[in-house]
Every structure is written in C-alpha cells, then in structure tokens.
Amino acid sequence: GDEIEVLYTADYEKEPGMSLPYTDVSWDHWAYTAIKRMYTRGLMVGVNETTFAPSQEMSRAMLAVILYARSGQPAVEAANPFTDVPADSWYTDAVIWAAENGIVSGFGDGTFRPNAPITRAEFAAMIARFDETAKSADTPFTDISGHWAENAIGKAYGNGWVEGSSKTVFCPESNLTRAETATLLNRVLHRLPEKESDLL
C-alpha cells in the first residue's frame with residue numbers, strides 16, 4: 001500500500017550534516033528541522049526514496065511503530081488482541097507491544113484500525129501513556145471538557161508536547177499530518193533521555 005516504512009533502529013544516526021533526500025521538504029519548509037531530526041534518528045522515512053509527503057495524514061500504526069522503535073524494539077510477549085492486525089505486517093509487533101504496555105487500547109469492536117488517520121487526541125493519549133512520568137495540567141482549551149482524552153491532553157499540554165489550534169481550542173478530533181507528527185514527536189523526544197547515560 002502507500003503506508004511508509006520505519007527503520008526499526010531507534011539509535012541509528014545518519015551523517016549529521018547531510019541534507020534530506022526528499023524533493024517535497026525544502027530547507028525552508030516549516031517542519032524541516034523536525035523532519036530532519038526524525039529522519040537522522042531513523043524514526044521516520046519517506047513514502048519513497050525522494051518523497052516524504054509532509055501533508056499526508058499520519059496513521060495510527062505508524063505512531064505505534066515509531067514509539068516501538070524509540071523503545072528499542074523490545075520482545076513482544078503478548079498475543080495479538082486485535083482482529084484487524086495481521087500476523088505478518090510491518091506494524092504487527094509494534095501494535096502488539098503498544099497494547100501490551102497500555103499505550104493503545106483499540107476500539108470496542110476488537111479492532112485497532114491501523115491505517116486510520118491519528119487524531120490530535122489519540123496522539124496525546126498515546127504519548128501520555130508512553131511517558132508514565134507525565135503529570136496532568138490545566139489547559140485553556142474550551143473544546144475538551146468531558147472528552148475521553150481530556151486528562152491525556154492535559155498531560156501532553158502540561159509537558160509542552162502539544163499546543164492548541166488556537167489559544168483556547170485544541171481540536172481533539174482533527175487528524176495529524178506527517179509533518180505535524182514529526183514536529184510534535186521532536187518536542188517529546190527532546191524531553192526524554194536518548195540513552196541511559198543521559199539520566200546521569
């Protein structure tokens with residue numbers, strides 16, 4: 001399909017000074033720095049060798065794969081809990097790992113919907129569960145009261161990982177693009193240690 005692939009090596013580094021190989025992400029693109037950082041870390045690549053597709057919607061499976069790669073691809077112990085996650089897909093281990101660790105829970109019908117676009121609320125929820133140290137904070141957003149992800153959005157906002165679409169609106173059901181996801185993940189990863197020695 002047209003899903004992108006992610007390199008499963010979280011600590012993989014390309015040449016620091018190299019430029020991006022994508023013709024659709026020039027140096028003056030608003031998300032260039034974030035995309036380059038994700039690319040050089042081996043966490044995101046293009047839809048093909050020369051196209052990053054920054055405006056394409058990000059899938060739910062893709063975020064699970066990135067977080068799985070960032071965690072070092074730990075062994076998957078649990079059984080597959082989802083009816084729509086095949087046994088041999090590029091995202092299977094990542095999604096099972098995410099479910100095993102409480103990062104995703106899927107839907108009431110037993111599906112994960114891996115190829116569905118990820119919403120801003122779903123992103124906040126997955127990131128808040130990924131970093132268990134995140135503490136919730138009050139937000140200025142008027143459109144998340146009673147929302148299923150209200151607490152997670154508070155955590156993501158309180159840790160500086162997400163902002164609103166405006167000062168008072170979060171738009172939790174809006175879908176994220178690949179460029180937006182790279183930018184948000186860049187904020188998250190800059191607040192998490194890259195390796196054990198960073199904790200010292």
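Counting only other residues whose beta carbon sits under 11 Å from that of Leu63, what net charge do I get with K and R as +1, D and E as -1? Can you show the working numbers first?
On the way: positive: Arg60, Arg70, Arg178; negative: Glu122.
Cβ neighbours under 11 Å give a net charge of +2.
Using the Cα gyration tensor of the range 15-88, with a ≥ b ≥ c the square roots of its eigenvalues, what is the shape: rounded (a/c below 1.5), prolate (a/b larger than b/c) or oblate (neither)? Numbers along the way, then the final one.
Numbers: a/c = 2.97, a/b = 1.92, b/c = 1.55.
Prolate shape, in that a/c is at least 1.5 and a/b is the bigger ratio.
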Inset, instruction - Round to a whole angstrom and tell me the spacing of the C-alpha centers of the range 22-101 and the range 104-151. - result: 17 Å
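Let me check I've understood the local charge: for Ile127, count other residues with C-beta under 10 angstrom from its C-beta, Lys and Arg +1, Asp and Glu -1. What total comes out? Let's see the in-between values first.
Details: positive: Arg129, Lys155, Arg187; negative: Glu122, Asp131.
Overall, the nearby charge balance is +1.
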Legend entry - the chain - percent of accessible surface contributed by carbon and sulfur, probe 1.4 Å: 49 percent
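Taking the mean number of other Cβ atoms within 10 Å as a proxy for protection, how do you rank 45-52, 121-128, 21-28 from highest to lowest?
Working: 45-52: 15.8, 121-128: 23.6, 21-28: 13.9.
The densest-packed peptide leads the list: 121-128, 45-52, 21-28.
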Inset, instruction - Among Gly146, Thr168, Leu189, pick out the residue whose Cα is farthest towards the positive end of the charge dipole of the range 98-200, where Lys and Arg carry +1 and Asp and Glu carry -1 on C-beta, about the Cα centre. - result: Thr168
Inset, instruction - Quick one: go through the range 59-80 and flag any residue whose amide nitrogen is under 15 Å from the point 7 Å out along the Cα-to-Cβ line of Thr111. - result: 60-61
Inset, instruction - Report Rg(Cα)/(2.2 N^0.38 Å) for the chain, keeping two decimals. - result: 1.00
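Could you work out [θ]222 nm for the chain from helices alone, using -39500 (n - 2.57) per DSSP H run of at least four and dividing by all its residues? Round to the nearest 500 deg cm²/dmol.
Numbers: 6 runs with 61 residues, N = 200.
That calculation yields -9000 deg cm²/dmol at 222 nm.
The values are calculated or read from the model by the stated rules, or taken from the named source; none is laboratory data. As the structure is a prediction and not an experimental result, all values here were calculated from the model. In this analysis, Cβ positions are derived from the backbone assuming ideal geometry, glycine residues included, and neighbour counts consider all displayed protein chains. Ligands, DNA and RNA are excluded from the accessible area calculation, which covers all protein heavy atoms including side chains. Shrake-Rupley method; radii C 1.70, N 1.55, O 1.52, S 1.80 Å.
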